[in-house]
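Everything on this sheet refers to the single structure shown next.
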Amino acid sequence: MPDHPSELTVLVVDDDFMVASIHTRFVERAPGYRVVGTAATGTTALAEIDRLAPDLVLLDVHLPDISGIEVLRRLRGAGNDVGVLVVTAAREADTVRAAAAAGAAHYLVKPFEYDDLATRLDAFRRTHLALTGVDRAGQDDIDAFFAPLGRGREVLPKGLSAETAQAVLATLAGGREISATECAEEVGVSRVSARRYLEHFVARDQATVRLQYGGTGRPERRYRLRDG
C-alpha cells in the first residue's frame, strides 16, 4: 500500500527499549507521522538511516557505542540532511550547542509529555512540507519554511490565532512565571488552549518551562519568558 504523499517517516533511536516504545507511540499519535524503525546504537542508527531514508530521526545523545552528537556529525559530514530532533536527558550547554551546530532541527529534554513532542513535530512538518513541489520559492514559501523553527516571520500552528497568542505572551511580561491554568483565567480561554499557546512559545525558544513539584498528583508546568 503506498504511503500518503504528505506522511512523514520517522526512525526512533534510543538504547532503552521502553523509552523507544513510548516515543514510538507518541510519534504515531501525531497527525501525518509514521515510525518505520527503531535503533538502539549509533552504528545501527546510521545503517538504518541509509536503509530507510526517513524524513526525521528522534535521536538520543547517550548511546552505548557512539554519541548521538557524533551520529549527527557523521550524517552531515556525509551530506545527509535528514531532519534530526534530539531527544535526551542531557542538559549540558555544550551538548545543546553541539547539536545546534551540527544541524539538529530541535532539542527536547527527557522526560517529556506527548504535547511537548507534538508541538515540535508540528513545527517540523510545516517546515518540511513548505517547499514540497516548489522549484522556485516565493517569499511566503521561504517564510513558511523558516518560521516554525524560530527563524523568520511568525507562522502559528493550525487553530492558534495571532490575537490570542499576543494575549498569552502578555501574561508572561515582566518576568512573571505562570501556569496554564493561571494564563487561561487571565486571557479567558480554556486551560488546554492556554497550554497550546505556551508550549508553542517554548518550542520557539521564546519561553522556558519548569516542573514544580509539591503535594500529590502530577507536577505543575510553569512558564516564563526566556531571558534576553
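The values are calculated or read from the model by the stated rules, or taken from the named source; none is laboratory data. As the structure is a computational prediction, the values presented were derived from the model and not from experiment. Here Cβ is always computed from backbone atoms with ideal geometry, including for glycine, and neighbour counts include all displayed protein chains. The accessibility values were calculated without ligands, DNA or RNA, using every heavy atom of the protein model including side chains. Shrake-Rupley method; radii C 1.70, N 1.55, O 1.52, S 1.80 Å.
General observations
- Considering the range 163-192, and only residues there that are of a type in the set (Gly, Ala, Ser) and without any contact (Cβ under 8 Å) to a residue 24 or more places away in the chain, the residue that is surrounded by the fewest Cβ atoms within 10 Å (Cβ to Cβ) turns out to be Gly174.
- Of the residues making up the range 138-147, none is under 30 Å from Val82 (Cβ atoms), modelled with pLDDT of 70 or more, part of a loop (DSSP other than H, G, I, E, B) and open to solvent by less than 70 Å² (accessible area, probe 1.4 Å).
- If you go through the range 90-113 and keep only what is open to solvent by 40 Å² or more (accessible area, probe 1.4 Å) and either in contact with a Phe, Trp or Tyr (Cβ under 7 Å, 6 or more places away or on another chain) or hydrophobic (A, V, I, L, M, F, W, C) (or both), you end up with Ala93, Val96, Ala100, Ala101, Val109.
- Residues in the range 1-42 that are modelled with pLDDT of 95 or more, more than 16 Å from the chain's Cα centre (by Cα) and under 14 Å from Asp55 (Cβ atoms): Val36, Gly37.
- The set of residues in the range 205-216 that are assigned to a loop (DSSP other than H, G, I, E, B) and either buried (at least 18 other Cβ atoms within 10 Å of the Cβ) or β-branched (Val, Ile, Thr) (or both) contains only Thr216.
- Contact map, the range 17-41: residues that are in contact (Cβ under 8 Å) with a residue 24 or more places away in the chain and within 24 Å of Glu70 (Cα to Cα) paired with residues that are open to solvent by 70 Å² or more (accessible area, probe 1.4 Å) and part of a helix (DSSP H, G or I), Cβ distance under 7 Å, separation 6+ or inter-chain. Pairs shown: Val35/Glu28.
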